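Trainee: Below you will find the structure I want to go over with you.
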Amino acid sequence: GKFVVFDLDGGDALVVSLRMTGKLLYGVDDVDERHVRGQILFDDGTALRFSDTRKFGRMAIVDAAALERRTALRRPKMPLHSSLGQEPLARGFTVAWLRALIGRRPRVAIKVLLLDQRAIAGIGNIYAIEALWRARIHPLRRAGSLRADEIERLHEAIRWALRKGIRLGGASRRDYVDARGNEGRMQREFQVYGRAGEPCPRCGRPIVRTVVGGRGTFHCPRCQRAPRL
């Protein structure tokens, strides 16, 4: 969810954290050299370039076996950290696991919990919003208030949103492109994200924008009923 890992010869691994504006570009001629922070040259003359406008991204070479054991995550000044939560597309991310997580954090707003990287790694604001809409859950609902069937719907919706984003090549709202320089297409199929005032694709009620946990949030006031205060 948070890192790109390349297995290298000799038992090492190259770990890349793209953060907000990082890009890995391969075979792309039109690259702004001012933002290239590193590159890997191949024997055939091609190069994999790491471009990062805001300089938040990180690259590191670590021992692959140690990475699997997570001992490498505790090294100082590494772009990784040992507090990352469960990967939502991994086998370990089950309905039972999500139910147990909610049981440990019952008073937290469900959207805040989904964005907590210590709990679940790499969902992100866009995909949390899209998943909650699909599951018909208001972003401000306390996690502990979710029924068993709602937790099952949320589990399915998280994976649906992430897999859809992967299939469509990500969301290019600003400057995101893939390694070939191609923009993603997810932004063309947002159900609620960035669509304040537009009709909900499910019921037709205008989408509402709010702020939850300091992040812009979008939901349908009919499909995603507000919690009782």
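Trainee: For residues that are buried (at least 16 other Cβ atoms within 10 Å of the Cβ) and touching a strand residue (DSSP E or B) at 6+ places or on another chain (Cβ under 9 Å), scanning just region 163-190, find the one that is modelled with the lowest pLDDT.
Mentor: Here the residue is D178.
Trainee: Considering only region 1-46, how many residues are out of contact with any Lys or Arg (no Cβ under 9 Å at 6 or more places or on another chain), at pLDDT below 80 and surrounded by fewer than 13 Cβ atoms within 10 Å (Cβ to Cβ)?
Mentor: The total comes to 3.
Trainee: Still on this structure, I have one more. Which ones in region 197-220 are surrounded by 15 or more Cβ atoms within 10 Å (Cβ to Cβ), assigned to a loop (DSSP other than H, G, I, E, B) and in contact with a strand residue (DSSP E or B) (Cβ under 9 Å, 6 or more places away or on another chain)?
Mentor: C200, I207, G213, C220
Trainee: Right, something else. If the requirement is being under 18 Å from F218 (Cβ atoms) and among the basic types (K, R), which of these qualifies: R185, R99, R153, R195?
Mentor: Answer to the selection: R195.
Trainee: Does V192 fit the bill of being touching a residue at least 24 places away in the same chain (Cβ under 8 Å), within 30 Å of H35 (Cα to Cα), assigned to a loop (DSSP other than H, G, I, E, B) and not aromatic (F, W, Y)? Lay out the reasoning, then the answer.
Mentor: Values: touching a residue at least 24 places away in the same chain (Cβ under 8 Å): yes; within 30 Å of H35 (Cα to Cα): no; assigned to a loop (DSSP other than H, G, I, E, B): yes; not aromatic (F, W, Y): yes.
No, not satisfied.
Trainee: Here are some residues: R19, R54, R34. Which one is more than 17 Å from S172 (Cβ to Cβ) and not polar (S, T, N, Q)?
Mentor: The conditions single out R34.
The values are calculated or read from the model by the stated rules, or taken from the named source; none is laboratory data. As the structure is a computational prediction, the values presented were derived from the model and not from experiment. Ideal geometry is used to build each Cβ from the backbone, glycine not excepted, and the neighbour counts take in all protein chains shown.
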